[in-house]
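Right, one structure below, let's go through it.
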4 protein chains.
Amino acid sequence: MKKKSSFLQTPIEPFAVEAGLTADQVLARMERISFQGRNLATAHRIWQKMLKDDVTIFLGMAGALSAGGLRLVVAHLILNRYVDCLVSTGANLYHDLHETRGQHHYVGSPHADDAALAADGIDRVYDTYASEEEFISNDNWIADFATTLELRPYTTREFLHLLGGHLWKTTARDGILTAAYRANVPIFCPAIADSSIGMGLSQARQIKAGAGYIDIIGDIVESANLIIRRPRTASVVLGGGTPKNFINQASVQAEFYSDQVGGHRYALQIVTDVPQFGGASGSSLEEAQSWGKLAADSDKVSVQSDATIALPLLASALATTAAPMLATRTMPVFTLASRVMTVDGQTVPSERFEEVNEPAV
Amino acid sequence: MKKKSSFLQTPIEPFAVEAGLTADQVLARMERISFQGRNLATAHRIWQKMLKDDVTIFLGMAGALSAGGLRLVVAHLILNRYVDCLVSTGANLYHDLHETRGQHHYVGSPHADDAALAADGIDRVYDTYASEEEFISNDNWIADFATTLELRPYTTREFLHLLGGHLWKTTARDGILTAAYRANVPIFCPAIADSSIGMGLSQARQIKAGAGYIDIIGDIVESANLIIRRPRTASVVLGGGTPKNFINQASVQAEFYSDQVGGHRYALQIVTDVPQFGGASGSSLEEAQSWGKLAADSDKVSVQSDATIALPLLASALATTAAPMLATRTMPVFTLASRVMTVDGQTVPSERFEEVNEPAV
Amino acid sequence: MKKKSSFLQTPIEPFAVEAGLTADQVLARMERISFQGRNLATAHRIWQKMLKDDVTIFLGMAGALSAGGLRLVVAHLILNRYVDCLVSTGANLYHDLHETRGQHHYVGSPHADDAALAADGIDRVYDTYASEEEFISNDNWIADFATTLELRPYTTREFLHLLGGHLWKTTARDGILTAAYRANVPIFCPAIADSSIGMGLSQARQIKAGAGYIDIIGDIVESANLIIRRPRTASVVLGGGTPKNFINQASVQAEFYSDQVGGHRYALQIVTDVPQFGGASGSSLEEAQSWGKLAADSDKVSVQSDATIALPLLASALATTAAPMLATRTMPVFTLASRVMTVDGQTVPSERFEEVNEPAV
Amino acid sequence: MKKKSSFLQTPIEPFAVEAGLTADQVLARMERISFQGRNLATAHRIWQKMLKDDVTIFLGMAGALSAGGLRLVVAHLILNRYVDCLVSTGANLYHDLHETRGQHHYVGSPHADDAALAADGIDRVYDTYASEEEFISNDNWIADFATTLELRPYTTREFLHLLGGHLWKTTARDGILTAAYRANVPIFCPAIADSSIGMGLSQARQIKAGAGYIDIIGDIVESANLIIRRPRTASVVLGGGTPKNFINQASVQAEFYSDQVGGHRYALQIVTDVPQFGGASGSSLEEAQSWGKLAADSDKVSVQSDATIALPLLASALATTAAPMLATRTMPVFTLASRVMTVDGQTVPSERFEEVNEPAV
């Protein structure tokens, strides 16, 4: 009898439907199917491993996830410290602020008459609407807040912490910015100039000369220093964009100054882009290994899916399965309310890279 | 105060994570988010409506869903009569037969060395492997079965029912073909010649002159007659391909002979293709309305997602929510084991379109 | 000084814009850029190699290419014998016939009001319209033609040759079917039942009992025999679908009966689907090697692009560069007007696979 | 006889292959085909209209186009003033600088062994390689240059002009940065912090306290002021990302201060993303109209294609067809070498939005 090929080890186990399955049970039954379903189940497993290990977990967030109804998922991930540091586009923070201020996005249609929407002052994001008038009021609110700050440059990390604090104090509502404020989780926003938060800051400058200065290069230094301090990291990316690269760049930059940094130990991404066109958003995690962004032996998975399907299922599953890991996690402790942040009690300057590295915990 | 735009009616309700959520609860909380997540929640609602209404539900199935671990989901949908008629690619039925015969597909890697796989006689489907030797044994099994049949042309509907029966009798295992056999649900396979089932049939002819004749045009006639008999229909499509068009074509063809046929009353599709390149697989359900494939007032939704993510979640949710609808459904009763099938006790010829239409139930 | 990595051999040569560049010059300057542009340039080079080598070239054609304005490109490829055998979806042949009969498709909009189109009897294919009334006249025309044939089963290869001949004799217009007829190039249409040609055939049966019989399994046998006769083959695939698999299946089937068959020697595909969802349309050419569909050392390239962009450029370039290769090509000579086709003067039965193989030329 | 539907106006004209066709002739023959081919031909026509009209043309550039061999196309578009203002990701400028400094990217494979690449210090971008060591030398070169500047914040517009000038003076080689320098075309880079240019700037700060300050909010003010000065604009976007939004945002922001601004008059985008997932990169130009980013009557087209295929063809065609338009274009004249840029001789502050608007030319 012919010997079975060594390639044939683990049989596909077809998904078995049953009434009453919980999200984590659904994912457990997807572990041994194929394609993106398997990948999503693997993402669930890898995220659990991250939580069990001693790693600083970065969350990158691009795409219209806040407008699209996922902002409280992200807030939940932050408040419960499934993640330790958020890197976001400006739009996701802005649309979060919009709702935290008590306003809404609305269910709409992708087939709308855009001229009619424009006439009514309605802005469309695929199948979702919002009021331009309310957006203008957000811009003003951000501008007004920015003019209350001392006139000096702010990293986005510092500015967004202050903004989150102001938002929490004035609204006491859940959201990404307020969750990050309350949980002392830093937010970096490398492309803040490409968003309505940036527009608000530019209007602050209109109101008050010298307001609205952002030290975006300081964010590079600070994010790298954060990794120099805690060289074991993991990356969770939703949607690619600037956050995906910024998280990787911080690791690459940190490696210049600490030989304990060796790329993320875990990586998972949920993306809709594909690698074939060469763009960073769709680039594979294998490619990231060539750059040293990921450790050669990292646990990693790409899930090719809209986050509005994959993330509710994944986060619901983790809410059930990750409780014990969250309870015993070793996670970084930050203070964020000043120009120089601290990590585990030590300052992390935005002015200079740290050349001496304390051994990781 | 400015009046609120009429476009702003239903606020987005952000997804709220909670431990222990069941699949249907996850989907319920996705009803008022955005993008494909909302679409998947809408698909859940529309499928429930189909089950409550008096419609014949077609299921179209393309892509490597059987190899990829979804064959028992489809079997479940058939056995519990979430659907009344399956239109499938040959490959999905073949890979189903492969496992029903006690063989397996295996967990593999998309980054495999294909030369090494070829050397080992392993066939790869993205991240899934199978043994070529076992495939050859399937081909022979199909060929042998086909040679036992009376020498005459068979519609795929008749042939696949007989094949399913033989499979059930020899294996007593669950699968798509055996479920359809047991539930008396017809299967059409318009592109059977483009599959290993077709290869098996061609080998039957090698063994026995005159064997392996398929009357594929008879399938067109029969599928149209089925709709002429029961003009109220619904379409559920996984992955586009020939099944998507065949289901629509049957409706268009039926309309020539019965003015009670007016396009599907409900349609949902889970596809990865997009409309922008003009292909039928990715074509929108709106476009289908121009052709009369869908009724102008049909309830419809496209979900842009890999079925290996969307279907396990959707089917698990329905298993919980659809029980009362299934219990009271009015569904067609078929007999399938002969050249002329019956629907609700009346014959449905494959030779001529029925020009006189009895009023629908 | 550090030695340069062996990975760094051929520098990217940026595309240099210049007035007056011809299509082939554009592609020549894309040879050493990246991503899909490089792949398209490689496709140009590989097709030239096919033409220089002694191989039988299959062309697979899916997607709405005929409706979308590429039918005369395909006709050109056939008439000038860039290809030797066409495998097509039914829709592409039907939309070709529509225009060859003197009717048109029309420039439309993807944002059309489909209810208004339906009311006007207009069928939409993304951004292209056609008259349903004219489509019905095509169906009748096909049905009428089919009733003139002797009452027996026809392979699609035979039927489509006869249809092309009738079309040529009644219209004398260029098109795919007429080009194939004139150039004695066989057309296989494995999913003919999933198309309006199939609908026409089903209506033939309505008119005349016993008409409209297609022997689709005969097509499997005949296509495999064609490769057994001429075991060195190449595959050019536009858009995936059933043609892609049928071309590969013919090679795999032929291999059972001839050890000179070893998978296609060259393969190029222009597809919009991606491999990540497991479907055959988007599957990689590497994957095809695991199955033996492609030779391990085959020259191959996938171009991820809409064919309506890639093919006009590619075919225009070949029109300039391939003339010398076409002039000296060794290509198969077929006769197609009867039940048994001949290849290079020898019969190719549709009833039995040929077990004895003459050495390839 | 039935009246022809008003929807059927312009017949599809199938592409006719011919030897020796030039790029513009290829596009001309694609004008009346369908799908993305037609869209690319339309893009050619719209760009010509932009050049004939009195509009300021913005070019947005995301994705790995410089590494991928398109940097000299973009340089050509800038030097010949097909465009008036570039908005780019940092990576595209960095990879441009890499080659302008005499180094290369290399032809590679998407199937490379990334561990082997990492061991050799090779960074992979899909199918393209580069030397990490050379990248480090670029970072140092940028850092060194930045330390030579006066210690104050710089908009990216000012910094990149100075960088381009330094590059031109030290290399005299063609590229994007040097072309923009020579043609006095401003470059904005809103996400500069998310790129190796940002990393270089962060290292400048390491070398010299106070170096490497970027005033990213100043870029928002300046780009809006540019549009307030010249309210008639057009947008050409390659690949989405931050450039796409930044160009639109500038128009929206400018509209607050000038009622002569009414959204871009023309817009064309070549993107691989699709709208269905809600992200800005794939968002439709129709959606942009709801926001007022585009004028309601703007001429616009989206081309769903990899830019490495579409852009070489489009730019080659324009090189032939646009010469007369370029010769007579009315285009803005900038001076860029100082903190305050001028447009047509008037200063454009980065500190305050201009509230008084001079009539457009």
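Read the figures in this text as sums done on the coordinates, not as results from a lab. Remember, predicted model here, so these are calculated numbers, not experimental data. Because the Cβ atoms are built from the backbone with ideal geometry, glycine has one as well, and the counts that use them run over all protein chains shown.
Which order results if B:T22, B:T308 are arranged by neighbouring Cβ count within 10 Å, fewest first? It would help to have the intermediate numbers written out before the result.
Values: B:T22 21, B:T308 29.
Going from least to most buried by this count: B:T22, B:T308.
Quick check: the angle from helix D:241-255's long axis to the longest principal axis of chain D, C-alpha only, nearest 10 degrees?
Here the helix axis deviates by roughly 80 degrees.
Ranked highest first by the average count of other Cβ atoms within 10 Å around their residues, in what order do A:232-239, D:90-97 fall?
Details: A:232-239: 25.9, D:90-97: 27.8.
Ranking the peptides A:232-239, D:90-97 by packing returns D:90-97, A:232-239.
Provide A:T147, A:T272 in ascending order of the number of other Cβ atoms located within 10 Å of each residue's Cβ, fewest first.
Ranking A:T147, A:T272 by Cβ neighbours within 10 Å, fewest first, gives A:T147, A:T272.
List residues of segment C:315-340, by number, whose backbone nitrogen lies under 19 Å from a label position 7 Å along Cα→C-beta of C:Q260.
C:330-335
Could you work out the mean count of beta carbons from other protein chains within 10 Å of each residue's beta carbon in A:218-228?
3
For segment A:245-361, calculate the relative contact order in percent as a whole number, restricting contacts to Cα pairs under 8 Å that are 6 or more residues apart.
Numbers: 126 pairs, mean separation 27.9, N = 117.
Once divided by the residue count of segment A:245-361, the mean separation gives 24 percent.
Could you check what % of the DSSP bridge pairs in segment B:1-130 are antiparallel, to the nearest 5? It would help to have the intermediate numbers written out before the result.
Working: 5 of 9 bridges.
Counting only bridges with both partners in segment B:1-130, antiparallel ones make up about 55 percent.
Shortest first and in nm with one decimal, please list how far the D:R182 label point sits from its counterparts in the other copies (point 7 Å along Cα→Cβ).
Its label point is 5.0, 5.9, 7.6 nm from the equivalent points in the other copies.
Only Cα pairs under 8 Å and at least 6 apart count here; give the relative contact order of segment A:1-66 as a rounded whole percent.
Numbers: 28 pairs, mean separation 13.7, N = 66.
Taking the mean separation of contacting Cα pairs over the length of segment A:1-66, I get 21 percent.
Would you tell me the mean number of C-beta atoms belonging to other protein chains that fall within 10 Å of each C-beta in A:19-31, as a whole number? Don't jump to the answer; show the numbers that get you there.
Numbers: counts 11, 6, 10, 8, 11, 3, 3, 8, 2, 0, 4, 6, 2.
Going residue by residue through A:19-31 and averaging, the value is 6.
Restricting to bridges with both residues inside the protein assembly as shown, how much of the DSSP beta-bridge set is antiparallel, in percent to the nearest 5? Show your work: numbers first, answer last.
On the way: 52 of 152 bridges.
Counting DSSP beta bridges with both partners in the protein assembly as shown, the antiparallel share is about 35 percent.
With each run of n ≥ 4 DSSP H residues scored as -39500 (n - 2.57), what mean residue ellipticity at 222 nm is computed for chain B after dividing by its residue count and rounding to the nearest 500 deg cm²/dmol? Let's see the in-between values first.
Working: 14 runs with 157 residues, N = 361.
Roughly -13000 deg cm²/dmol at 222 nm, from the helical runs in chain B.
Using alpha-carbon positions, what is the distance between the centroids of segment A:185-225 and segment B:100-161, in Å?
Centre-to-centre (Cα) distance: 58 Å.
Just rank A:K3, B:K208, B:K244, D:K293, fewest to most, by other beta-carbon atoms within 10 angstrom. Numbers along the way, then the final one.
On the way: A:K3 5, B:K208 16, B:K244 29, D:K293 26.
If I rank by nearby Cβ atoms, fewest first, I get A:K3, B:K208, D:K293, B:K244.
Rank-order C:178-190, A:105-117 by packing density, defined as the average count of other C-beta atoms within 10 Å over each peptide's residues, highest first.
Details: C:178-190: 25.1, A:105-117: 18.7.
Going by the mean number of other Cβ atoms within 10 Å, highest first, we get C:178-190, A:105-117.
Under 5 Å between amide H atoms, partner at least 5 residues away or on a different chain: which partners does C:C85 have, H built in plane at 1.01 Å?
HN-HN under 5 Å from C:C85: C:I57, C:L59.
What is the minimum Cβ-to-axis distance for chain A, in whole Å, where the axis maps A onto C, and to which residue does it belong?
Closest to the axis: A:V274, 3.
For A:280-287, what's the mean count of beta carbons from other chains sitting within 10 Å of each residue's beta carbon? Please list the in-between numbers first.
Numbers: counts 9, 9, 5, 4, 6, 1, 9, 8.
That average works out to 6.
According to the square roots a ≥ b ≥ c of the eigenvalues of the Cα gyration tensor, what is the shape class of chain D, taking rounded for a/c under 1.5, prolate for a/b larger than b/c otherwise, and oblate for the remainder? Each step should come with its number before you reach the end.
Numbers: a/c = 1.91, a/b = 1.26, b/c = 1.52.
Oblate is the answer for chain D, as a/c is 1.5 or above yet b/c matches or exceeds a/b.
Put +1 on the Cβ of every Lys and Arg and -1 on every Asp and Glu Cβ in segment C:55-150; which of C:V55, C:S109, C:L86 then has its Cα farthest towards the positive end of the dipole?
It is C:V55, whose Cα lies furthest towards the positive end.
From the label point of A:T148, set 7 Å along Cα to the beta carbon, how far off in nm is each other copy's matching point, shortest first?
4.5, 8.2, 8.6
What are the ³J(HN,Hα) couplings of segment C:188-200, residue after residue, when phi is run through the Karplus curve with 6.51, -1.76, 1.60 and θ = phi - 60°? Round to Hz, x for glycine and proline.
So the J values, rounded to whole Hz, are 10, 9, x, 10, 4, 5, 9, 6, 6, 5, x, 4, x.
Just want to confirm a number: the relative contact order over chain B, from Cα pairs under 8 angstrom separated by 6+ residues, in percent. Don't skip to the answer; put the middle values down first.
Working: 692 pairs, mean separation 82.8, N = 361.
Dividing the mean separation by the residue count of chain B yields 23 percent.
Which of the pairs B:K293/D:K4; C:K3/C:K49; B:K244/C:K244; B:K3/D:K244; A:K49/D:K244; B:K52/B:K169 have their Cα atoms more than 26 Å apart in this structure? The partial results should precede the final answer.
On the way: B:K293/D:K4 22 Å; C:K3/C:K49 35 Å; B:K244/C:K244 18 Å; B:K3/D:K244 32 Å; A:K49/D:K244 37 Å; B:K52/B:K169 34 Å.
Beyond 26 Å: C:K3/C:K49; B:K3/D:K244; A:K49/D:K244; B:K52/B:K169.
Using a Gaussian network model of chain D with C-alpha springs under 10 Å, which one of D:L70, D:L149, D:L59 is most mobile by mean-square fluctuation?
Highest fluctuation among the options: D:L149.
In nm to one decimal, list the spacings between the B:D120 label point and its equivalents in the other copies, with label points set 7 Å along Cα to Cβ, shortest first.
For B:D120, the inter-copy label distances come out at 2.6, 5.9, 5.9 nm.
Multiplying the sequence separation of A:H104 and A:K49 by 0.36 nm and subtracting their Cα-Cα distance, what value in nm do you get?
16.2 nm
Under 10 Å, Cα contacts only: if you run a Gaussian network model on chain A, which one of A:A67, A:A296, A:A307 comes out with the highest mean-square fluctuation?
A:A296
Given chain D, what percent of its DSSP beta bridges are antiparallel, to the nearest 5? Walk me through the numbers before you get to the answer.
Values: 11 of 36 bridges.
The antiparallel proportion sits near 30 percent.
In chain A, once you exclude exposed GluC sites (Glu not before Pro) (DSSP loop, at most 13 other Cβ within 10 angstrom), what's the longest stretch remaining?
On the way: sites that count: A:E150, A:E355.
It works out to A:151-354.
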